[in-house]
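Have a look at the structure below, then the notes.
The values are calculated or read from the model by the stated rules, or taken from the named source; none is laboratory data. Everything quoted here is computed from the prediction, not taken from an experiment. Neighbour counts run over all protein chains shown; Cβ positions are idealised from the backbone, glycine included.
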Amino acid sequence: MEENNLNAAPAEIQPESATQETVSEATVEQVSATTQQPVEAEQNVVVASESVTEQLATAESTPTAEQTTTPAATEQETTQTTSEQEREIRRGKRARLMQAFAEVKQAFQENKPIEVNVYSRVRGGLRVFYKEAPLFLPASHFHLKKSPTDEELLEVVGKNITVKVHEIQEYDEGSMAVIVSRKKLLEDELWDSFKVGQVVEGTVSSIATFGVFIDLGGVEGLIHVSRLAPYRIDNLKEHFKIGDTLKAVIVEVDKANKRIALSRKELVDTKKWPATEEKYGVGTRHTGVVRRMTDFGAFVELEPMVEGLLRTPEISWTRRLRRPSEMLKVGDKVEVVVIDFNAEKKTISLSMKRTQENPWPKLHEKYPINSVYEGKVLQVVPQGCVVSISPELDGFLPRSKMKKILRGNKIPLKQGDRLKVYIADIVPEEESLILGLAEDEEDTAPRSAPQNPKRNPNPKNYETKPLSSGISIMDMLSDEEREKLMGSLKK
């Protein structure tokens, strides 16, 4: 009865050969892997075996010839011989098992790989043997990817594979549990295969604001946003999606820190301009993104490697812009129409205002002549001021229309000042709106300084308080009144 219990093994891992029967008697208890990368399946794995100590106890509990009483001497001798042979077999099994585990332990201490035979697929991974010693290979340590398929695991059953000892647990009763890993070896082989300048292919695993991560078969490489293309890409998710297959060039390998830097722009053919006249001919409309700003205009990306120039005068019909940044910013999406296409020079000229109807022929209907508005000074130039009278319309107030407020040659206005103006003239052909200073502004505007300096009051003798418009009381008196006032002050 004891012999039957000794040779009993779980049906899913019962060896077929005599050697495997020996292995099935060794013990590997249930292992809760304490690896750096815990695996859910490993938590339920139980690899059944019997400890070396238990083998000895079982072997020595077999009845001897002296303990057996039979009537015939020949039967006693036969029984005694059989028991001795069984004990010898068990001793041999124990010695081989102990030697196998000793070699496994030494390989673990020296961090050396060992070759094992895959016996069967069990829950959570594979049951493997190193000589007489049963070991366990978790599914998560079989491949570089986290979850290999059943087909991939069953494919290696009956074959020899190379692994490294990942963890050993020894128990007081003499049993031992061993977990092995194939993942570390595959990682080392893969990292050793990467060379700077090598072209690799992988799938997009994740997308960040600073670049795209590529899965290279279990190891991730990063294509920084500056290396994705020879042109600027701002919104990566508009150009790439998870699962896309991309080719890239390895530009840096850092095995110690597990980092691979990749570049894709070397693989993009910049000699061939993708723009065609059929697609970007004069009059065609497109949606683009503002990528760069200059004083004379904005560069709009129409597609990768295709940019057009949107000059400042082509931004708005009715706004007098000095630079495009007054109305646009980098990253803005704009509707544009092509007004010039040159395939030889690879240039495209764009207009934003021509996507809308020209409002100048009918502008007088909305802004009648002599109508008064409160405006805001946008710019002061020697010839006059640019004044905004609404969010959509700017006009020009010339020097000739502000004579009563001029102080010599200097215009007494600055950017941000508010004043009332009237529409003096509209010239649709020239896209010009001329403004004049409203009457109440002219009446309260500061006057020029007195021409006769001898009649100027002495500021040391008295003080004057400016009115809200900036004009003092003395400025409002005639010369005769000033002289009388000065005489009374002297007395």
* Structure fact -> Selection over the stretch 320-372 where residues are aliphatic (A, V, I, L, M) and touching a Ser or Thr at 6+ places or on another chain (Cβ under 8 Å) yields a count of 10
* Asked: (1) among the acidic types (Asp, Glu); (2) in contact (Cβ under 8 Å) with a residue 12 or more places away in the chain; (3) within 26 Å of Ala248 (Cα to Cα): which one isn't true of Glu167, the others all being true?
  -> (3)
* Structure fact -> Per the filter on the stretch 277-321, residues touching a helix residue (DSSP H, G or I) at 6+ places or on another chain (Cβ under 9 Å), over 27 Å from Trp360 (Cβ atoms) and among the β-branched types (Val, Ile, Thr) are Val306
* Asked: Residues in the stretch 170-184 that are in contact (Cβ under 8 Å) with a residue 60 or more places away in the chain and either more than 17 Å from Tyr130 (Cα to Cα) or in the same structural domain as Leu216 (by TED's automatic domain parsing) (or both): how many?
  -> 3
* Top-ranked residue of the stretch 218-229 - restricted to ones that are over 30 Å from Leu185 (Cα atoms) and not in a loop (DSSP other than H, G, I, E, B), ranked as nearest to the chain's Cα centre (by Cα) -> Val225
* Asked: Tell me, which residue of the stretch 381-397 that is aliphatic (A, V, I, L, M) and crowded, with 18+ Cβ neighbours inside 10 Å is farthest from Trp317 (Cα to Cα)?
  -> Leu397
* Please determine, by comparing only the residues of the stretch 269-304 that are touching a Pro at 6+ places or on another chain (Cβ under 9 Å) and either under 17 Å from Gly202 (Cβ atoms) or of a type in the set (Ser, Thr, Tyr) (or both), which one is surrounded by the most Cβ atoms within 10 Å (Cβ to Cβ). => Thr294
* Going by the structure shown, is Ser400 among the small types (Gly, Ala, Ser) and farther than 30 Å from Gly308 by Cα? -> yes
* To do: Report, by residue number, each residue of the stretch 322-343 that is in contact with a helix residue (DSSP H, G or I) (Cβ under 7 Å, 6 or more places away or on another chain), farther than 24 Å from Pro428 by Cβ and surrounded by fewer than 15 Cβ atoms within 10 Å (Cβ to Cβ).
  => Ala343
* Asked: Hey, among the residues in the stretch 355-369 that are surrounded by fewer than 13 Cβ atoms within 10 Å (Cβ to Cβ) and either among the acidic types (Asp, Glu) or assigned to a loop (DSSP other than H, G, I, E, B) (or both), which one's farthest from the chain's Cα centre (by Cα)?
  -> Ile369
* Asked: What number of residues within the stretch 108-143 are aromatic (Phe, Trp, Tyr) and not in a strand (DSSP E or B)?
  -> 2
* Return a yes/no flag: does the stretch 230-248 have any residue that is assigned to a strand (DSSP E or B), of a type in the set (A, V, I, L, M, F, W, C), over 15 Å from the mean Cα position of the chain (by Cα) and farther than 30 Å from Lys333 by Cα. => no
